[in-house]
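Here's the structure we're looking at; comments come further down.
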Amino acid sequence: MKKKFTFSKGIRSSLIVFFLGIILITGGCYLIDYIVQPVVVRPNSAFNVKIAIKPDVENTEDYESGTGILGIILPEGWIVKDSIAYSVSGSGSDQVGVFCSDAGVVSFLNSYATQPPSGYRWWGAKSNDVIDLRNYKSGVVNLTILTNEKLGKFKTKYILGDDNDWNKQKLEDQFTIMAQSDFMPITVDFTESTVNSWINEVWEVYPNPSEGQIYIRQASLTDGIVMKVYDLNGKLQKSGVLRESLNSVDLSFLSKGMYIISLEKDGEVKSKQLVIK
């Protein structure tokens, strides 16, 4: 990009919707569009996190490409699975690659980023390749975090940056921070209510009423959730497996009227009414 970016450690705006950690962040050449992280997890388990990025401005032709960095503030004892996959999509060909753990990134974050509170640490990674941000429209980073045996309320924080000289405060700096989330709460619980919590997780169908195109937002990234749409006579009209926290479903073939949309997982079912107008 042509305009030098001045880094500020504070984010300008944030929004948490339902049980999804969705953080809107401003500043820099790219933004963290949203982060999906579960609110409750079990001890000694693994959970998935999705970080979506988007351009700061519409015209990205002048963006400078560079090696990307990823930083995460974690509770002591938690682990991030290495070789974190990312993808960048744009008007040209898509790019895929991985972030791998890197001691140099950790050292940089300890010097320039938010200091972890007591009982937490920085985990850092660097992309194996230069990430081409010219003409890009969106990007996604998918990672997996493993908890330990400790129960309680914890928090995480995510930072993205690169080694592009345009954005450094000083040219001798190794990297620069481009976008960061606020601290995101997460609870580690071993109770029965937590184990069976999927049935109580908030989910949303919108717009409702709809002209046929709907979105289903759910709190969990867990695979294997089956969506079914029934008419009021109990006849199945459509079914499918949801694999994302935000899913687009085309029901434009349905006649006007009221329907029942359900989510099913491991024998548990939750449902809502849906109006097609």
If a residue has to be of a type outside the set (Asp, Glu) and under 23 Å from Ser65 (Cα atoms) to count, how many in region 124-166 make the cut? 24
Return yes when Gly139 is touching a strand residue (DSSP E or B) at 6+ places or on another chain (Cβ under 9 Å), of a type in the set (Gly, Ala, Ser) and exposed (fewer than 14 other Cβ atoms within 10 Å of the Cβ) and no when it is not. no
Exactly one condition in (1) surrounded by fewer than 18 Cβ atoms within 10 Å (Cβ to Cβ); (2) part of a strand (DSSP E or B) is false for Gly77; which is it? (2)
I'd like to know if region 183-205 contains one or more residues that are under 20 Å from Ile35 (Cβ atoms), touching a strand residue (DSSP E or B) at 6+ places or on another chain (Cβ under 7 Å), assigned to a loop (DSSP other than H, G, I, E, B) and at pLDDT 90 or above. yes
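The values are calculated or read from the model by the stated rules, or taken from the named source; none is laboratory data. Here the structure is a predicted model, which means the values were calculated and not measured. Cβ: placed from backbone, ideal geometry, glycine included. Neighbour counts: every protein chain shown.
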